[in-house]
Amino acid sequence: MNGLKRIFNNKATTNFAKKWTRTMMTTNPNMSSSETGRLPLTTLTEDEQMMKETVSRLAKEQIAPVVREMEQLGHVKPDVLKMLFENGLMGVEVSSDYGGAGCNFMTCIQVVEEISKVCPGVGALVDIHNTLVNPVIAHYGNEEQKKKYLPLLSNSMVGSFCITEPSSGSDAFALKTVAKKDGSDYVINGSKMWISNSDLAGVFLVFANANPSAGYKGITCFIVDRDTPGFTIHKPENKLGIVCSGTCMLSFDNVRVPASAMLGEFGQGYKISISVLNEGRIGIAAQMLGCAQGCFDATIPYTLERQQFGQPIYHFQGMQHQIALIATQIEMARLLTYNAARMKEAGKPFIKEAAMAKYWASEVAQQATIKCIDWMGGVGFTKDFIQEKFYRDCKIGSIRRLNASIGWAVLGLLKILYRRNFIGIAKLDRFMKERRISN
Ligand SMILES: Cc1cc2nc3c(=O)[nH]c(=O)nc-3n(C[C@H](O)[C@H](O)[C@H](O)COP(=O)(O)OP(=O)(O)OC[C@H]3O[C@@H](n4cnc5c(N)ncnc54)[C@H](O)[C@@H]3O)c2cc1C
């Protein structure tokens, strides 16, 4: 009793108690969550749920049967691509005025997650197209560009987002590709590396420096069509994972584009890439979340069937501890991912949340797929089962768009600055730019 009195007399505790009372008074504990408008993070609207279920069914029926074939081919099959376009999965957020499905960002995240549960390679294609390419044109394109490209991107043409170069990866704004003004045109010279979807893409968003003397403030985004003279797409890289997602090097040898191909303002390329890569990180988180969940779901039935010492291996407590831990970690990744998506939708700052979701989902995907292989025993080590593919596919999560070590540097700083209220979003944006953190 005395101990409790001591605790309540403590000044910090009193402050906490006051704060708690205030919170309770503003949030009537007798009100249901729907009355307060505070629903669980995993709650989806009817439309979002319907889309999730439809995509889950399409992925199981039309992607799953050809996953291994696409891995051997090294590209996404035309039938699968057609299915994605026909079902609105390549223009999820694009307004119906421009031929898209007109859904919200959360729906986009659900689409990427559901497809990645079956094939993270196809998930990567859908993610990059929907969370990088379409938003750049939708947010920064002029009316003419939107009318020309958004209907194509939503219905028939794949897009690529091209910033990385052989000598500029994490330090993306050190890019060397230049765009020189020549009359009313721009002439692009240089190369890009690791460009996803480029095996199939019809349109490429290319970041080039149009005023190198201004440093990163010269970086400008241009729309380059696949058949532009001087533009070469090299053969796809021979990768560890997401093999069906084509990743190629691109060369620009005096590639001439009209001034009307400039996307957004002159010198605003760095702003465009920073803003879109932030939301792109939530897309990668969804991809990794799907990868982890897909592998987990494919593995648990095996542990229920496989008998050792006279019982299914699932029934051993040592197994259940591990399974519960991974299930919890996957759920944590889901909560971080959905929270970041809802923050973005609500128009709130979400840089920190997106980076955390991407980091955690990528880590969990690695842990989950390793564990799933362990739980399968010897057969998990063979190509007869899908677990080894998920294991390879998840590795990309910690490499693309803010890798783990740089991610921690950003998060560490953000934590200090945000918590102490030292910076607002504008300063944070400047911090990211100064450190050239975009990729
Ligand atoms: C399959 C695949 C698809 C991709 N798709 C695209 C795409 O569509 N478009 C596109 O533009 N790019 C794409 N990329 C490129 C990707 O974004 C880069 O690979 C990524 O940014 C890392 O750059 P890098 O490979 O040059 O590694 P580097 O930058 O050379 O990094 C190597 C290592 O150094 C560490 N490091 C670097 N700087 C720091 C630092 N300041 N502090 C601590 N550690 C540091 C990194 O963490 C990493 O571990 C893709 C890459 C792959 C593999």
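Condition (residue is within 16 Å of the ligand (Cβ to nearest atom) and surrounded by fewer than 20 Cβ atoms within 10 Å (Cβ to Cβ)) applied to the stretch 109-123: is it met by at least one residue? Within the stretch 109-123, not a single residue is within 16 Å of the ligand (Cβ to nearest atom) and surrounded by fewer than 20 Cβ atoms within 10 Å (Cβ to Cβ).
So which residues in the stretch 309-322 are without any contact (Cβ under 8 Å) to a residue 24 or more places away in the chain and either among the β-branched types (Val, Ile, Thr) or surrounded by 11 or more Cβ atoms within 10 Å (Cβ to Cβ) (or both), if there are any at all?
The first filter runs over the stretch 309-322 and keeps only residues without any contact (Cβ under 8 Å) to a residue 24 or more places away in the chain, leaving 309-312, 314-318, 320-321.
Within the stretch 309-322, 312, 314, 315, 316, 320 qualify.
Taken over the stretch 155-173, the criterion of being within 20 Å of residue 264 (Cα to Cα) and in a helix (DSSP H, G or I) is satisfied by 172, 173. Of the residues in the stretch 220-235, none is over 28 Å from residue 156 (Cβ atoms) and away from the ligand (no atom under 11 Å from the Cβ).
From the list 327, 285, 298, 354, which residue is without any contact (Cβ under 8 Å) to a residue 40 or more places away in the chain, in a helix (DSSP H, G or I) and within 25 Å of residue 242 (Cβ to Cβ)?
Testing whether each residue is without any contact (Cβ under 8 Å) to a residue 40 or more places away in the chain, in a helix (DSSP H, G or I) and within 25 Å of residue 242 (Cβ to Cβ) leaves just 327.
Taken over the stretch 116-152, the criterion of being more than 18 Å from the chain's Cα centre (by Cα) and under 30 Å from residue 69 (Cβ atoms) is satisfied by 152 alone.
Filtering the stretch 217-237 to residues that are surrounded by fewer than 21 Cβ atoms within 10 Å (Cβ to Cβ) and either under 22 Å from the mean Cα position of the chain (by Cα) or without any contact (Cβ under 8 Å) to a residue 24 or more places away in the chain (or both) leaves 225, 227, 232, 234, 235, 236, 237. Screening the stretch 191-208 for residues that are aliphatic (A, V, I, L, M) and out of contact with any Phe, Trp or Tyr (no Cβ under 7 Å at 6 or more places or on another chain) and picking the one that is nearest to the ligand (Cβ to nearest atom) gives 195.
Listed here are the residues, each with its yes/no results for (1) outside the structural domain of residue 332 (by TED's automatic domain parsing); (2) not polar (S, T, N, Q).
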residue: 191; (1), (2): yes, no
residue: 194; (1), (2): yes, yes
residue: 203; (1), (2): yes, yes
residue: 207; (1), (2): yes, yes
residue: 211; (1), (2): yes, no
residue: 222; (1), (2): yes, yes
residue: 250; (1), (2): yes, yes
residue: 279; (1), (2): no, yes
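Yes or no: the stretch 173-181 includes at least one residue that is surrounded by fewer than 19 Cβ atoms within 10 Å (Cβ to Cβ) and within 22 Å of residue 235 (Cα to Cα). Looking for residues that are surrounded by fewer than 19 Cβ atoms within 10 Å (Cβ to Cβ) and within 22 Å of residue 235 (Cα to Cα), one finds at least one in the stretch 173-181, hence yes. Answer yes or no as to whether residue 187 is within 16 Å of the ligand (Cβ to nearest atom) and either touching a Pro at 6+ places or on another chain (Cβ under 7 Å) or in a strand (DSSP E or B) (or both). So residue 187 does not fit the description; no.
Each row is one residue, and each column tells you yes or no for (1) modelled with pLDDT of 95 or more; (2) of a type in the set (Asp, Glu); (3) not in a loop (DSSP other than H, G, I, E, B).
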{"position": "48", "(1), (2), (3)": "yes, yes, yes"}
{"position": "53", "(1), (2), (3)": "yes, yes, yes"}
{"position": "57", "(1), (2), (3)": "yes, no, yes"}
{"position": "66", "(1), (2), (3)": "yes, no, yes"}
{"position": "71", "(1), (2), (3)": "yes, yes, yes"}
{"position": "75", "(1), (2), (3)": "yes, no, no"}
{"position": "83", "(1), (2), (3)": "yes, no, yes"}
{"position": "88", "(1), (2), (3)": "yes, no, no"}
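Of the residues 114, 144, 93, which is acidic (Asp, Glu) and part of a loop (DSSP other than H, G, I, E, B)? That would be 93, the only listed residue that is acidic (Asp, Glu) and part of a loop (DSSP other than H, G, I, E, B). For residue 277, the criteria (1) at pLDDT 95 or above; (2) buried (at least 24 other Cβ atoms within 10 Å of the Cβ) hold in every case but one, which is (1). Residues of the stretch 238-260 that are under 24 Å from the mean Cα position of the chain (by Cα) and in a strand (DSSP E or B): 247, 248, 249, 250. Pairs are defined by a Cβ separation below 8 Å, a sequence spacing of at least 6 or placement on different chains, a first member in the stretch 90-105 that is polar (S, T, N, Q), and a second member that is part of a helix (DSSP H, G or I); the pairs so defined are 95/138; 95/150; 104/48; 104/345. Among the residues making up the stretch 238-271, a single one is of a type in the set (D, E, K, R) and either within 14 Å of the ligand (Cβ to nearest atom) or surrounded by 20 or more Cβ atoms within 10 Å (Cβ to Cβ) (or both): 239.
Which of (1) of a type outside the set (A, V, I, L, M, F, W, C); (2) more than 8 Å from the ligand (Cβ to nearest atom); (3) surrounded by 18 or more Cβ atoms within 10 Å (Cβ to Cβ) is the odd one out, the single condition residue 212 does not satisfy? Going through the list (1) of a type outside the set (A, V, I, L, M, F, W, C); (2) more than 8 Å from the ligand (Cβ to nearest atom); (3) surrounded by 18 or more Cβ atoms within 10 Å (Cβ to Cβ), residue 212 breaks only (3). Among the residues making up the stretch 357-375, those that are over 9 Å from residue 285 (Cα atoms) and either at pLDDT below 95 or of a type outside the set (Lys, Arg) (or both) are 363, 364, 365, 366, 367, 368, 369, 370, 372, 373, 374, 375.
The values are calculated or read from the model by the stated rules, or taken from the named source; none is laboratory data. Computed from a prediction, not measured in an experiment: that's the story for all the values here. Every residue, glycine as well, gets a Cβ built from its backbone with ideal geometry; the counts of neighbours run over all protein chains shown.
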